[in-house]
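Structure first, then comments.
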Amino acid sequence: MTGLREQHKADRSRRILQAASELFRDQGYDAVRIEDIALRAEVSAGTCYNYFSTKGDILLAIVSMEVEEVVEAGGAVIAAPPLAVADALDGLIRLYYDHSLHYLSKAMWRTAMALSIAAPDSPFSQRYSALDAMLARQVSDLVAALQARGSARVDVDASTLGQMIFHDLNQRFMAFVTDEAMPLTTLQLNSHAATECWARMLGSQ
């Protein structure tokens, strides 16, 4: 019975997040009320507030869902990375980019970033930073896997280099979401050029 209750709770949470994602895309974050989200999700407003105290909490949960899904998918790349360093790095980063607009629009990403920056000591900002750190660790894990296989030089610290690569590519993603006219293909091309450079630096010696 406990398992069934937890499943129902997870299902309701998922419906709320899906409804919020759709409404934020269609109407804009500022225009949407929690009551609107509850109506779209076919739950009561009280139920919605039981799960999420604020609209910001809902947005953060959508960002978390996005990151957790790409981290799970990225695990397969780390477990069996492509032979070429550039292909391995590109494969992981493309997973991040290609999934980035699945639940969130560019405007939603900008709102999430702004909320994180505006209150750096808030639980929102701390969780947002933790999600970034999760992605950076995964890039570091890929570097370590490439080193262990002998594809990458071992005289560099995998954790430090992974963070450097992630922060470089994260800056490119921020430029992408702040430019409504930039297509995903342009971000992918820019990313590929960057990972080629990192791969030349990381290549085994």
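Values as computed for the structure displayed
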read-out: Conditions (1) surrounded by fewer than 18 Cβ atoms within 10 Å (Cβ to Cβ); (2) not in a helix (DSSP H, G or I); number of the one not met by Pro81; value: (1)
read-out: Test: residue in segment 119-126 that is buried (at least 19 other Cβ atoms within 10 Å of the Cβ) and under 15 Å from the mean Cα position of the chain (by Cα); value: yes
read-out: Residue count for segment 168-185, restricted to those that are in a helix (DSSP H, G or I), free of Cβ contacts under 8 Å to residues at least 40 places away in the same chain and loosely packed, with under 14 Cβ neighbours inside 10 Å; value: 3
read-out: Helices (runs of 4 or more DSSP H) contained in segment 1-61 and holding at least 3 residues hydrophobic (A, V, I, L, M, F, W, C); value: 2-27, 34-41
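Throughout, read-outs are computed from the coordinates displayed, never taken from laboratory work. Every value quoted in this text rests on a predicted model; they were computed, and no experiment measured them. Neighbour counts are summed over all protein chains in view; Cβ atoms, including those assigned to glycine, are modelled from backbone coordinates with ideal geometry.
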